[in-house]
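Below you'll find the structure, written out as structure tokens, and then a few comments.
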Amino acid sequence: MISFQNISKSFGKLQVLQRVNLNIETPGIYAILGPNGSGKTTLIKSFMGMVHPDAGDIIWQGKSVLKHWQYRENISYLPQIANFPKNVSVGELIQFIKNLRQKPSDETPFVSQFQLAPFLHKKLGNLSGGTKQKVNLLLAFMTDNPVVVLDEPTSGLDPAAMQVLKHILKSEKEKGKTILMTSHVMDFVEEISDEVVYLLEGKIHFCGTVDALKNQTQTQTIEMAIAQLIIKEHA
Amino acid sequence: MLKVLKYTLYDLLRSGWSWIYFGFYLLLTFSLLFLNNDVSKSVITLMNVLVVLTSLIAVVFGSMYYYNSREFIELLLGQPLKRSSIFIGQYLGVSLSLSLSLLLGLGIPFAFYGGFNTEVIPDFSMLLLAGVFQNFIFTALAYNLSLYHENRIKGFSYAILMWLFLTVLYDGLFLILLMNYSAYPLEKFSLVATLLNPVDLSRILIMLQLDISALMGYTGAVFKQFFGTGLGLFTVAAILLLWIIVPVWNLYRKGNNKDF
């Protein structure tokens, strides 16, 4: 369904992605893992059209997405940092994004799950970091799209909100959606994802199910498996 | 684009800064008109304030708005929107909000003073026009500089330096050249040099309208001699328009190619 073909990208002298090939065939939750600066965000930003790859192509629904913008009508996106205009309220921001999307969308279940009702009339500048992230998540999930791209969805969330997020992700997956996300929280990834992609220095070092990763590295947890991969790489 | 514009405008009109800026113009114009009791003199004072201050505020607002909405731009880039609609929509929103503060801040005291019954309406309108030009030009220049610099301190510093160069240093350098080469015919050179600076152009736009040769200075006089008032005004306005079109075109170009 989504196919990254030989994607390369460098920022100045820094080569961030090196001929990355990745095929996402079936719906499910795909987690892109890797240390800081390994190219996770750059990879998903290339798909979103926010970063222009130097070489390669990205195909979705049989068409190249590069240099286009209409395809984003069917993709939801969660940016890494939740920072919004300070002088408008949460409710007004929701209306604005709905207005841009021009698609049926419903924020009410997420307002209640994240307990955002008391904040709907508050200005975004007065919200805490965690609440902003909840608003960010709500904006990403409220429109019904077949593909959801999430950049660090867990950042700033308290344990209760983490549970809510897991619940939402599971129910979105059951609807047959493809969810592509980056994360640093290994427990979260282990519990929720169907497949993991491990990126290191701009190259994919592993792509497969969580169990396959554990089997390959002979480890119990995903955290240990990743550690093994890093050790192997530097051996 | 209109949606982004509307939203930016809405965000800015609710910000305290827009109101402070509006209040400043209101207070300034009220005191000038009612204490001076001479519209022409007030227009000249306002012009001097406008040429320096409006451009500075546009530069500061433009850069700050871009850098403050940097993460919000990423959210917008994830929506089904053309990139140009995001940047040009935001740019127009900032310029319009600044222009609104200016138009109302100057216009309300003028109306109270009974200015609309006097023959100074064309002079006053030219003042407003020059102010609006300053807003649109300097916001566009600041937005351009911000797009080229990820580091906000660097981008902001360059924007302020650009303002300092165009409002203060440019005239100084120009004057030094004129004095050193006064033995040569410098009309053409000074004409071209003036066209290259939007601050000088705005000043000449008002001067030509007011027809005060004593305040026009060398370039203004050359301008008037060369073009005459009518053609002069038209030329100045056309070049000011180019000062908007070229940076906005570059905003479009750079915005499309930039990685976020």
Residues being open to solvent by less than 10 Å² (accessible area, probe 1.4 Å), assigned to a strand (DSSP E or B) and hydrophobic (A, V, I, L, M, F, W, C) - total across the stretch A:1-44: 11
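Conditions (1) touching a strand residue (DSSP E or B) at 6+ places or on another chain (Cβ under 6 Å); (2) farther than 19 Å from B:Ser95 by Cα; (3) open to solvent by 20 Å² or more (accessible area, probe 1.4 Å), marked per residue:
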position: B:Leu141; (1), (2), (3): no, no, yes
position: B:Asn144; (1), (2), (3): no, no, no
position: B:His149; (1), (2), (3): no, yes, yes
position: B:Lys154; (1), (2), (3): no, yes, yes
position: B:Tyr158; (1), (2), (3): no, yes, yes
position: B:Pro185; (1), (2), (3): no, yes, yes
position: B:Lys188; (1), (2), (3): no, yes, yes
position: B:Asp200; (1), (2), (3): no, yes, no
Given (1) in contact with a strand residue (DSSP E or B) (Cβ under 8 Å, 6 or more places away or on another chain); (2) within 11 Å of another protein chain (Cβ to nearest Cβ); (3) farther than 29 Å from A:His184 by Cβ; (4) not charged (D, E, K, R), number of the condition A:Ser76 does not satisfy: (3)
Tally of residues being more than 8 Å from chain B (Cβ to nearest Cβ), touching a strand residue (DSSP E or B) at 6+ places or on another chain (Cβ under 7 Å) and closer than 19 Å to A:Val148 by Cα across the stretch A:81-101: 1
Where A:Gly129 falls short, out of the listed (1) free of Cβ contacts under 8 Å to residues at least 24 places away in the same chain; (2) within 25 Å of A:Met50 (Cβ to Cβ); (3) open to solvent by 30 Å² or more (accessible area, probe 1.4 Å): (1)
Checked against (1) more than 10 Å from chain B (Cβ to nearest Cβ); (2) without any contact (Cβ under 8 Å) to a residue 40 or more places away in the chain, A:Val135 satisfies every condition except (2)
Does B:Ile57 satisfy the criteria of being open to solvent by 10 Å² or more (accessible area, probe 1.4 Å), at pLDDT below 90 and touching a helix residue (DSSP H, G or I) at 6+ places or on another chain (Cβ under 8 Å)? no
Is it the case that the stretch A:182-200 has a residue that's over 19 Å from the mean Cα position of the chain (by Cα), charged (D, E, K, R), open to solvent by 50 Å² or more (accessible area, probe 1.4 Å) and modelled with pLDDT under 90? no
Among the residues of the stretch B:82-135, the number that are assigned to a helix (DSSP H, G or I) and free of Cβ contacts under 8 Å to residues at least 40 places away in the same chain is 10
Looking at A:Lys45, A:Lys40 in this structure, which one is of a type in the set (Lys, Arg) and more than 9 Å from chain B (Cβ to nearest Cβ)? A:Lys40
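The values are calculated or read from the model by the stated rules, or taken from the named source; none is laboratory data. What you are looking at is a predicted structure, and each value in this text was computed from that prediction instead of being measured. A quick note on method: Cβ atoms are made from the backbone with ideal geometry, for glycine too, and the neighbour counts reach across all protein chains shown. For accessibility, only protein heavy atoms count, side chains too; no ligands or nucleic acids. Shrake-Rupley method; radii C 1.70, N 1.55, O 1.52, S 1.80 Å.
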